[in-house]
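One structure below.
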Amino acid sequence: MVLHLAIFGRQGAGKGTQSQRIVDAYGVVHISTGDMLRAAIADETALGLAAQSIMDEGGLVDDETMIGIVGERLAQPDIVERGVLLDGFPRTPTQADELVRILGERSIDAAINLEVSIDEVTARMLERGRDDDTPEAIAKRLGLYESQTRPLLDWFDERGLLLEVDGLGVEDEVFGRVQSALDACVADVEVVEGDNGE
């Protein structure tokens with residue numbers, strides 16, 4: 001069973017930890033937007049070079065270029081064989097529409113949202129004690145995430161693809177919830193795939 005997944009969560013929700021657990025349990029390839037950009041630039045693909053010139057000028061890589069880079073990466077053999085856990089893509093409903101087009105029949109199976117309250121992730125980030133983790137900076141980043149990501153979560157929810165997972169608790173507890181949600185999703189996918197339409 002090859003899965004195509006996306007993972008979301010506010011900063012400090014434990015996405016990195018849970019992503020690694022998902023990779024270990026389901027064998028998918030975990031790739032972030034940053035990983036894809038760096039790989040495209042390192043391979044000097046046309047899209048990678050275009051992205052580099054945009055970033056060299058201090059700009060943000062546009063949807064069209066990013067979608068092209070994602071399309072290149074998703075076509076590579078490791079992902080075709082093992083599936084993928086996308087982290088940081090899609091970022092907008094437009095990118096989500098394009099992701100469905102790129103994957104075609106392979107489609108996206110589920111989007112996991114690690115739900116941890118703003119108060120809790122703020123406390124977690126303040127405890128880390130990083131210089132850039134001031135209350136003001138954290139509030140700004142979380143506000144941006146909320147405004148940008150909520151429409152995207154609604155996009156997945158409307159299509160029955162959103163798995164809301166309570167991200168509070170120790171790592172094992174949270175992963176137990178992730179695994180239960182994913183296993184139920186996988187069972188549904190297998191039933192659909194096994195249906196001959198009779």
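Kindly indicate whether any position in the range 115-128 is in contact with a strand residue (DSSP E or B) (Cβ under 8 Å, 6 or more places away or on another chain) and not hydroxyl-bearing (Ser, Thr, Tyr). Walk me through how you get there before you give the answer.
Residues of the range 115-128 that are in contact with a strand residue (DSSP E or B) (Cβ under 8 Å, 6 or more places away or on another chain), as a first pass: 115-116.
Now restrict to residues that are not hydroxyl-bearing (Ser, Thr, Tyr): 115-116.
Yes.
Scanning the range 118-133 for residues that are part of a helix (DSSP H, G or I), charged (D, E, K, R) and surrounded by fewer than 16 Cβ atoms within 10 Å (Cβ to Cβ) yields a total of 4. Taken as a whole, the structure places Leu163 among residues that are at pLDDT 95 or above and part of a strand (DSSP E or B). Among the residues of the range 1-49, those that are buried (at least 17 other Cβ atoms within 10 Å of the Cβ), more than 20 Å from Arg101 (Cβ to Cβ) and among the small types (Gly, Ala, Ser) comprise Gly9, Gly12, Ala13, Gly14, Ser19, Ser32, Gly48. Return yes when Ala96 is of a type in the set (Gly, Ala, Ser) and either touching a residue at least 24 places away in the same chain (Cβ under 8 Å) or in contact with a Leu (Cβ under 6 Å, 6 or more places away or on another chain) (or both) and no when it is not. Spelling it out, Ala96 is indeed of a type in the set (Gly, Ala, Ser) and either touching a residue at least 24 places away in the same chain (Cβ under 8 Å) or in contact with a Leu (Cβ under 6 Å, 6 or more places away or on another chain) (or both). Of the residues making up the range 17-24, one or more are over 25 Å from Ala139 (Cα atoms) and either small (Gly, Ala, Ser) or touching a Leu at 6+ places or on another chain (Cβ under 6 Å) (or both). From the list Thr33, Thr45, Thr17, the one residue that fits, being polar (S, T, N, Q) and farther than 29 Å from Gly167 by Cα, is Thr45. When Thr149, Thr122, Thr134 are checked against the criterion of being within 12 Å of Arg10 (Cβ to Cβ) and over 20 Å from the mean Cα position of the chain (by Cα), a single residue qualifies: Thr122. Checked across the range 153-164, the condition of being under 17 Å from the mean Cα position of the chain (by Cα) and at positive phi holds for at least one residue.
The values are calculated or read from the model by the stated rules, or taken from the named source; none is laboratory data. Values in this document were obtained by computation on a predicted structure and should not be read as measured data. So basically every Cβ, Gly included, is an ideal-geometry build from the backbone, and we count neighbours across all protein chains shown.
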